[in-house]
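Report on one structure; see the data block that follows.
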Amino acid sequence: MSKKLIIKNGLVAISGADSFTKCDILIENGIIKALGNNLNAKNIIDADGLQVFPGAIDPHVHFNEPGYTNREDFYHGSCAAASGGVTTVIDMPCTSIPPVTDLANLREKVSVIEKRAVIDFATYGGVSEQCFDFRFENEMSDLAPYVPGFKSYFISGMPSFRRLEYEQFSKVLKAAKNLKRTVLLHAEDYETITYLEAIERTKGNAWENYARSRPAEAEIIAIKNAVHLAEEADARLHIVHVGTSAAAELIAASPNVSGETCPHYLAFTQEDFETQGSLLKTAPVVKTKADAAGLWQALLDGKLDFVASDHAPAPASQKNTGNFWNDYSGIPGTGTFFPYLYSEGLIKRKFPLSRFLKIIAKNAAKRYLLDDRKGSIEAGKDADLIFVNPEASWTVRGAEFYSKGKLTPFEGMRLHGQVEKTLVRGTEVYSREKGILAAPGFGQYILPY
């Protein structure tokens, strides 16, 4: 027997529109069947006074399971995501044990996390230097049907997932092209950072030393080289967590290349290290006010394609060691990803609604071959929905996060608009009043087309 549900009286954010549409949404068996007026079903959610958005897609998270669950796990991470309106995440391959560099490792990971997720999820494959000890092309080919892309690094602090040389990266791009998959890259230049870090470590262990070791030039050099290699291979390349506005210009100049930034690069600058300390430590580091403004403009202009959280929390014992070099690099972000962009992008900076929808869901779904069922409110797609109270405001409190990570640089920030409900495939997984409503394992493992 089919299960029908109607969303009534809401202001619906429909793809391509720059104003909300007051209409009903008919959902049947978790799929949007129709948008219209005076639709009927036995079960009704009254969205009067609320805005209804497509579920946000966070295409860059580190939920650390299996292997590093003292920092985060898939249950807590996916609960945090749901509380912030995220209905689909894509997990990185490098921060779990074993890393997702072959099909056996992927199956091992999925067998664990599919029992834990409360929202839908995909996971990337990875290609590290270690993969070149074997036939990496075969491993990529085996993984390709199950992953929306392959992640690599030009610089890596992970012994289990070492960086690639340019020649190796070129080979990965060529293999990915044949497999019709995107290559994701952490783009900071190894030579620049290694040289500067050796100098700065002799000078001290404060935030200034770390920041000076990872300048904007390190991103720019790496992205120039990566873009050249992608164009040479005619392959799809995606630059993750762009922190400098000049890099966005390089990305926009190539039709093969896309890019993302993160809320912390939009919200903070290096001046904030004085008060935030290691709470704000990430790689790349946040840059200048001009960079933050430039990144906002790049999102508005379409030079950057979307935003991701790069959710990567750690406990206080790892974030505050007394030596900035040793403090863990990463912050919790999936639960504040959509609320921050809604408040500071759609409301404060008056982003056109059509553009906002692209940067929170539509473009990531398209890039990672999930847009046949995710990324927009349309008939035939999954009923992944966010209900937002546009009149409410709230204050970020890390202690209230569902994530294991409670330390956030967004602590105390006042945001306009509040997520009231989150639906995944027509089922309410989060309510502001009742909390998490989905059981572990409700989230489905999704594959690219």
Going toward the positive end of the dipole of the chain, with +1 on Lys and Arg Cβ and -1 on Asp and Glu Cβ, which of Leu295, Phe150, Val118 do you reach last? Val118
Long-range amide H partners of Ser156 with built H, under 5 Å: Arg163
Charged-residue dipole, Cβ positions (Lys, Arg, Asp, Glu), the stretch 204-360 about Cα centre, Debye nearest 20: 400
Among 120-127, 8-15, the order from most to least packed when residues are scored by Cβ within 10 Å on average: 120-127, 8-15
If unit charges are put on Cβ atoms (+1 for Lys and Arg, -1 for Asp and Glu) and the dipole of the stretch 301-436 is taken about its Cα centre, the option from Ser343, Gln318, Tyr430 lying farthest towards the positive end turns out to be Ser343
Under 22 Å Cα to Cα from Lys404, which lysines show up? Leave out anything in the same chain fewer than 8 places away. Lys109, Lys115, Lys281, Lys319, Lys421, Lys434
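Jot down the per residue volume, in cubic angstrom and as a whole number, of the convex hull over the alpha-carbon atoms of the stretch 258-358. Before the final figure, lay out the partial values.
Details: hull volume 10.0 nm³, N = 101.
It is 99 Å³ per residue.
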Could the peptides 257-269, 313-325, 82-94 be put in order, highest first, of the mean number of other beta-carbon atoms found within 10 Å of their residues? 82-94, 257-269, 313-325
How large is the dipole of the stretch 335-449 about the Cα centre if only Lys and Arg carry +1 and Asp and Glu carry -1, each at its Cβ, rounded to the nearest 20 debye? 360
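Counting helices only, and only those DSSP H runs with n ≥ 4, report the 222 nm mean residue ellipticity of the chain as the sum of -39,500 (n - 2.57) divided by its residues, in deg cm²/dmol to the nearest 500. Kindly include the intermediate steps, with their values, before the conclusion.
Details: 15 runs with 131 residues, N = 449.
Estimated from H runs of four or more residues: -8000 deg cm²/dmol.
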Mind checking which aspartates and glutamates have their C-alpha under 15 Å from Lys4, skipping anything on the same chain fewer than 8 residues away? Asp24, Glu28, Asp46, Asp382, Asp384, Glu428
Choose one answer from Ile45, Ile113, Ile221: the residue with the largest mean-square fluctuation in a GNM of the chain with alpha-carbon springs under 10 Å. Ile45
Using a Cα-Cα cut-off of under 19 Å, which lysines could be cross-linked to Lys177, ignoring same-chain neighbours fewer than 8 residues away? Lys151, Lys366
What spacing in nm lies between the two simple spin-label points modelled at Glu249 and Lys115, each 7 Å away from Cα in the Cβ direction? 5.3
Starting from the Cα of Asn326, move 7 Å in the Cα-to-Cβ direction to define the label point; list residues of the stretch 264-287 whose amide nitrogen is under 19 Å from there. 277-282
What residue among Leu39, Phe53, Ala82 has its Cα farthest toward the positive end of the dipole of the stretch 36-117, where the charges are +1 on Lys, Arg and -1 on Asp, Glu, each on the Cβ? Leu39
With θ taken as phi - 60° and the coefficients 6.51, -1.76 and 1.60, list the Karplus ³J(HN,Hα) couplings across the stretch 109-117 in order, rounded to whole Hz; mark glycine and proline as x. 5, 4, 4, 7, 7, 5, 8, 10, 6
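Can you tell me which of 292-298, 410-416 comes out highest on packing, and rank the rest after it, using the mean Cβ neighbours within 10 Å? Mind dumping the intermediate values first?
Numbers: 292-298: 19.1, 410-416: 15.7.
Descending mean neighbour count gives 292-298, 410-416.
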Euclidean distance of C-alpha centroids, the stretch 369-429 and the stretch 287-365, integer Å: 14
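Give me the tail of P(r) for the chain as a percent: Cα-Cα pairs with distance above 42 Å. Could the numbers behind the result be given before it?
Values: 10000 of 100576 pairs.
Summing the P(r) of the chain above 42 Å gives 10 percent of all pairs.
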R0 of 25 Å, Cβ-Cβ distance Lys22-Asp301: FRET efficiency to nearest 0.05: 0.25
Quick one: Karplus J couplings for the stretch 193-201, per residue in order, coefficients 6.51, -1.76, 1.60, θ = phi - 60°, nearest Hz, x for Gly and Pro? 5, 4, 5, 5, 5, 4, 5, 5, 5
For a label point 7 Å along the Cα-to-beta-carbon line of Asp272, residues of the stretch 371-397 with backbone N under 19 Å: 394-397
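Can you tell me the dipole magnitude for the stretch 59-367 around its Cα centre, using point charges on the Cβ only (Lys, Arg +1; Asp, Glu -1), in Debye to the nearest 20? Each step should come with its number before you reach the end.
Values: 33 positive and 37 negative charges, 162 e Å.
That gives the stretch 59-367 a dipole magnitude of about 780 debye.
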Could you check the simple spin-label distance between Asn225 and Thr202, using points 7 Å along Cα→Cβ, in nm with one decimal? 2.4
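Read the figures in this text as sums done on the coordinates, not as results from a lab. Model, not experiment: these values are computed from the prediction. Note: ideal-geometry Cβ built from the backbone for every residue, glycine included; neighbour counts use all protein chains shown.
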